[in-house]
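Here's the structure, in structure tokens; my notes come after.
The values are calculated or read from the model by the stated rules, or taken from the named source; none is laboratory data. A quick note: this is a predicted structure, and the numbers were derived from the prediction, not measured. Please note: Cβ atoms are built from the backbone with ideal geometry, for glycine as well, and neighbour counts cover all protein chains shown. Please note that ligands, DNA and RNA were not included when accessible areas were found on the heavy atoms of the full protein model with its side chains. Shrake-Rupley method; radii C 1.70, N 1.55, O 1.52, S 1.80 Å.
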Amino acid sequence: MSQEQVAAKSDSPETTGAAAAAGAAAAAGAAAAGSGAAAAAVEDATEDKPMSFWEHLDELRKRLVRSILVFFAACFVGWEVREKLLHFLTIPFVQAWREQNLPGDPSLHFGAPAAAFVAYFKLSMLGGAALASPFIFYQLWSFIAPGLYAREKRYVIPFVLFSTILFVGGGLFGWRAAFPISFGYFLSMAGTVGSGGVTITPTVMMGDYLDFVAQLLLGFGLIFELPLIVLFLSLAGVINYLQLILFGRWFVFAAFVLAAILTPPDITSQLVMAVPMCALYVVSIGLAYVFGKPPTDAQREAYKKRKEKEVSKG
């Protein structure tokens with residue numbers, strides 16, 4: 001084919017139209033990409049835009065409504081398995097009853113026609129709280145997230161995962177370690193007083209038992225959240241490991257006071273709660289040291305002077 005024929009073919013209407021269509025498509029693609037980038041930039045800017053006070057309240061309302069709805073749905077599931085939950089929670093009580101050689105079979109009582117229903121309803125709420133805890137923790141993080149940097153928002157999945165594991169794990173630790181000791185101590189007070197005296201017989205009410213169990217489970221669940229809370233505050237720069245070290249002696253005191261409030265009045269039960277709290281505090285210091293923001297030079301100097309002052313007084 002000659003050069004004149006090639007040139008003529010390239011100048012034909014079909015070729016010109018195809019070239020124009022290709023150019024228009026490329027221009028449209030570039031425009032779409034530009035508009036997509038612009039939309040993404042606008043979206044990022046919108047996400048980084050500070051929220052007003054009323055926007056925060058509206059966001060809090062949405063998170064609370066969602067959490068409450070999921071909680072009630074989880075309570076319905078807990079109601080369906082209420083007898084299995086009660087059996088699981090009474091295992092330490094039954095074992096302690098038999099270890100104390102108490103007469104009769106282990107039993108729970110209710111003193112009013114509707115008392116058993118109310119007790120089961122509380123139990124379903126306890127099970128619903130455990131079941132809905134991942135979603136509730138996620139809503140909590142989503143409410144806090146707008147005030148964080150983009151790199152800090154990446155921790156949403158680990159936060160939800162470890163929050164749930166620590167909360168449920170703390171409850172299981174209380175059930176496994178604290179419950180047998182507590183029930184053994186309380187039931188040991190039953191029996192005959194003196195020689196031929198009165199006989200103290202345990203009549204444990206179902207509602208009172210579940211209230212006691214819920215208090216301990218919630219206490220241990222919240223206590224085991226300590227490392228995660230400290231890690232979050234250290235990542236945000238609110239606290240650092242030096243401040244935690246200085247506050248250590250006060251935390252030990254607070255741990256034993258809290259354990260004395262939440263556990264029976266015997267030293268063994270208090271140690272079962274206070275010692276894990278102190279161990280978790282030590283773990284929190286390590287997490288703050290590894291992952292948290294380092295202390296400033298002024299804070300290091302203040303810590304050094306305080307330690308020197310304590311040594312000189314000692």
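Can you list the trypsin sites (Lys or Arg not before Pro) in segment 128-212 that are in a DSSP coil and have 13 or fewer other beta carbons within 10 angstrom?
Details: sites: 151, 153, 154, 176; in loops: 151.
Here the trypsin sites (Lys or Arg not before Pro) that fit, given the DSSP loop and packing criteria, are 151.
Note down the Stokes-Einstein diffusion coefficient of segment 262-314 in µm²/s, whole number, using a Kirkwood radius over alpha carbon pairs, 25 °C, and 0.890 mPa s. Provide the component values of the computation, followed by the final result.
Working: Rh = 14.0 Å.
Answer, rounded: 175 µm²/s.
What whole-number distance in Å separates the alpha-carbon centres of segment 240-290 and segment 184-208?
The two parts, judged by their Cα centres, are 33 Å apart.
Hey, can you grab everything whose amide H is under 5 Å from the amide H of residue 109? Only 5+ residues off in sequence or another chain; H modelled, so Pro and N-termini drop out.
204, 205, 206
Over all directions, the average projected area of the alpha-carbon convex hull for segment 129-193 comes to how many nm²?
6.2 nm²
Give me D for segment 174-271 in µm² s⁻¹, whole number, from Stokes-Einstein with Rh from the Kirkwood sum over alpha-carbon pairs, 20 °C and 1.002 mPa s.
Roughly 131 µm²/s, to the nearest whole number.
What order, most packed first, do the peptides 125-137, 80-92, 98-110, 283-295 have when packing is the mean number of other Cβ atoms within 10 Å of each residue? Before the final figure, lay out the partial values.
Values: 125-137: 20.0, 80-92: 15.2, 98-110: 12.8, 283-295: 17.2.
Descending mean neighbour count gives 125-137, 283-295, 80-92, 98-110.
Show me the ranking of peptides 194-204, 61-71, 267-277 by mean Cβ neighbours inside 10 Å, starting with the highest.
Top of the packing list down: 267-277, 61-71, 194-204.
In Å², what does the accessible area per residue of segment 176-296 work out to with a 1.4 Å probe?
Solvent-accessible surface per residue comes out at 50 Å².
Quote the charge dipole size of segment 93-198 about the Cα centre in Debye, to the nearest 20; the model charges only the Cβ of Lys and Arg (+1) and of Asp and Glu (-1). Spell out each step's value before the answer.
Details: 6 positive and 3 negative charges, 84 e Å.
Taking the Cα centre of segment 93-198 as origin, the dipole is about 400 debye.
Out of every Cα-Cα pair in segment 62-202, what percent are more than 28 Å apart?
Of all Cα-Cα pairs in segment 62-202, 40 percent lie more than 28 Å apart.
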